[in-house]
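The values are calculated or read from the model by the stated rules, or taken from the named source; none is laboratory data. Remember, it's a predicted structure, so these values are computed and weren't measured experimentally. FYI the Cβ positions are ideal-geometry reconstructions off the backbone, even for glycines, and counts take in every protein chain you see. Accessible surface is based on the protein model in full, side chains and every heavy atom, while ligands, DNA and RNA are left aside. Shrake-Rupley method; radii C 1.70, N 1.55, O 1.52, S 1.80 Å.
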Amino acid sequence: MIELQHVAYSYGGGELFSDLSLSLAPGSFHFLTGPSGSGKTTLLKLCYAELKATSGDVQIFGEDVRSMERDRVALARRRIGVVHQDCQFLDHLPLSENVALPLTVAGRGGELGQDLTDLLAWVGLTRQAGQLPPELSGGERQRAALARAVIMSPEVIIADEPTGNIDWEMSQRLLALLVELNRMGKAVLIATHDLQLIRAAKAQVQARVLRLKDRRLQAAGADL
Amino acid sequence: MSSAEQTTSPGLPARILAFVVGDSQADRAVPPTGFTARLTVFTSAAMAFLAVFALALSMATGRLASRWSAELARSSTLRISAPDDQIAGQTAAALEVLRTTPGIATARPLDGGEARALLEPWFGPDLPVESLPIPQLVEIVETGDGYDTTGLRARLQAEVPGAVLDDHTRWRQPLVEAAGRLRMLGIAAILLIAASTAAMITLAAQAALTANDQVIRVLRLVGAQDAYIARAFVRRFTLRALTGAAAGTLAGMAAIWLLPRADAAGGFLTGLGFQGIGWLLPVVIPPLAAITAFLATRWAAIRTLRAKS
Ligand SMILES: Nc1ncnc2c1ncn2[C@@H]1O[C@H](COP(=O)(O)OP(=O)(O)OP(=O)(O)O)[C@@H](O)[C@H]1O
Ligand SMILES: [Mg+2]
């Protein structure tokens, strides 16, 4: 569904990575690791067309990102749920409306209801539903971001450090949700430093662990 | 939301109406920015207030111009000043001259009461007309073709030495022209007010779009298309302009309603008001302001969103 071939990216200085290929097929589960600053977030942004590759091909749902118009990109993003490293909320709207935002902008705000309540309960944010994002803790924001990423029932889920500020028990819950969605056929890509999370996931699903290092993407060692 | 999204085919007013009554959630994505909001409402109100006056001005001058050119063109006055014992004779002679002049429909001497009414605005009601040496006035109404002013003057000079013909044309023409000019100015003022409103709202919308850079970013990340984002801003500004203009129009109409009635003071000057059905005319100002805001904001939003890709 998302296809990167021989992709290179540079923010203007030297190349962050080059000749990088990655394919997210339905039902696949990928972890992306690597040192801080190696370009994990950048790679994820290429996958949902927030950035355009300096060279190489990026295809999203069969469309070449270079020739996609803005409105096509918007439509593609409705099929990709993203947990951003910095969450990206509208600070003037209560949490529940932020979580429902993808439905609202897609003109499907009317479908809200029990699903939203259940989802908020699952990520443990029922009590915080009416609060504004800046009033929440880092972990609460990350849980809300995950809820927002899955509310459209997207075909691809991309999460950037989704468990960075979350305790072990809660990250198990979030992982269970992602595993459940993966079993339904969704592609999952998670960038993380959390080795414990990777091990827990590998116990439940067939997950590939990729490592971004020295401008290359490699399969991680068998110890993971 | 879905109802507003599918309204691309109906006309502009229908779309704006769908906006105003439609999805009240549509603009929640944009944070309410108190300052630009208040500025937009205030400016729309001020512009609408001015527009009411400009409208009243052009209506009133239009009335003036047509009244002056229609009524005054048809009438003139003969003034006969003579010693008391000759005035009746001279008046009779003058009436005879007028009766035989082609182009004059009627000639009628004004009596004391009418003379008093004419003078009242200047001297008050207690004027002892009888004891004053006021001239005898004769009101002349022309036929459509009019009469030959120079010829009549010559005949009167020969037969009624105390008569002075005042045919109004001396001062009528410039007044009619001035009234017409004022009316053009009123219309120009209305157009300028509309243009300023559009410019001001464009600026405010542009400022709001720039200030909400991060909001636009987030909306795009969750899959919002340009039309959705633009609509959120456009709805805001259209509603603000409509609210402001409605308040300004009401205030302007109230101010004009409270103006002293100039008509009551002599009938020469028309009041700077609306008459009868004319009072309905300012009602179009708020919808026009809303349409202006709608178009201006949409233009600004589409332009800005295109640049921000
Ligand atoms: N907008 C930008 N402009 C210029 N340089 C950038 C920009 N964003 C990121 N970089 C640089 O690119 C490199 C990779 O950044 P990126 O955020 O992809 O790393 P990361 O692997 O996600 O790191 P972390 O694990 O800390 O989140 C960093 O050196 C960063 O400074
Ligand atoms: Mg990162």
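What the table below lists for this structure:
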item	result
Residue within the range A:62-69 that is away from chain B (no Cβ under 14 Å), away from ligand 1 (no atom under 16 Å from the Cβ), open to solvent by less than 50 Å² (accessible area, probe 1.4 Å) and without any contact (Cβ under 8 Å) to a residue 60 or more places away in the chain present	yes
Failed criterion for A:ALA49 (all others in (1) surrounded by fewer than 16 Cβ atoms within 10 Å (Cβ to Cβ); (2) within 16 Å of ligand 1 (Cβ to nearest atom); (3) in a loop (DSSP other than H, G, I, E, B); (4) of a type outside the set (Val, Ile, Thr) hold)	(1)
Every pair of residues 6+ apart whose Cβ atoms lie under 7 Å, when the first sits in the range B:134-163 and is assigned to a loop (DSSP other than H, G, I, E, B) while the second is open to solvent by 40 Å² or more (accessible area, probe 1.4 Å)	B:PRO135/B:ARG79; B:PRO135/B:SER81; B:THR143/B:ALA105; B:TYR147/B:PRO102; B:GLY162/B:SER81
Count of residues meeting criterion [away from ligand 1 (no atom under 16 Å from the Cβ) and at negative phi] in the range A:174-199	16
Qualifying residue in the range A:72-89 (condition: open to solvent by 30 Å² or more (accessible area, probe 1.4 Å), more than 16 Å from ligand 1 (Cβ to nearest atom) and in contact with an Asp or Glu (Cβ under 8 Å, 6 or more places away or on another chain))	yes
Options A:ALA200, A:ALA176, A:ALA144, A:ALA159: the member that is small (Gly, Ala, Ser), within 21 Å of A:GLU50 (Cβ to Cβ) and in a helix (DSSP H, G or I)	A:ALA144
Tally of residues being open to solvent by 30 Å² or more (accessible area, probe 1.4 Å), at the interface with another protein chain (Cβ under 10 Å from one of its Cβ atoms) and either in a strand (DSSP E or B) or under 29 Å from A:SER171 (Cβ atoms) (or both) across the range A:93-111	2
Single unsatisfied condition, A:VAL156 versus (1) within 16 Å of ligand 1 (Cβ to nearest atom); (2) touching a Cys at 6+ places or on another chain (Cβ under 9 Å); (3) more than 25 Å from B:PRO31 (Cα to Cα)	(1)
Conditions (1) within 11 Å of ligand 1 (Cβ to nearest atom); (2) surrounded by fewer than 21 Cβ atoms within 10 Å (Cβ to Cβ): number failed by A:LEU32	(2)
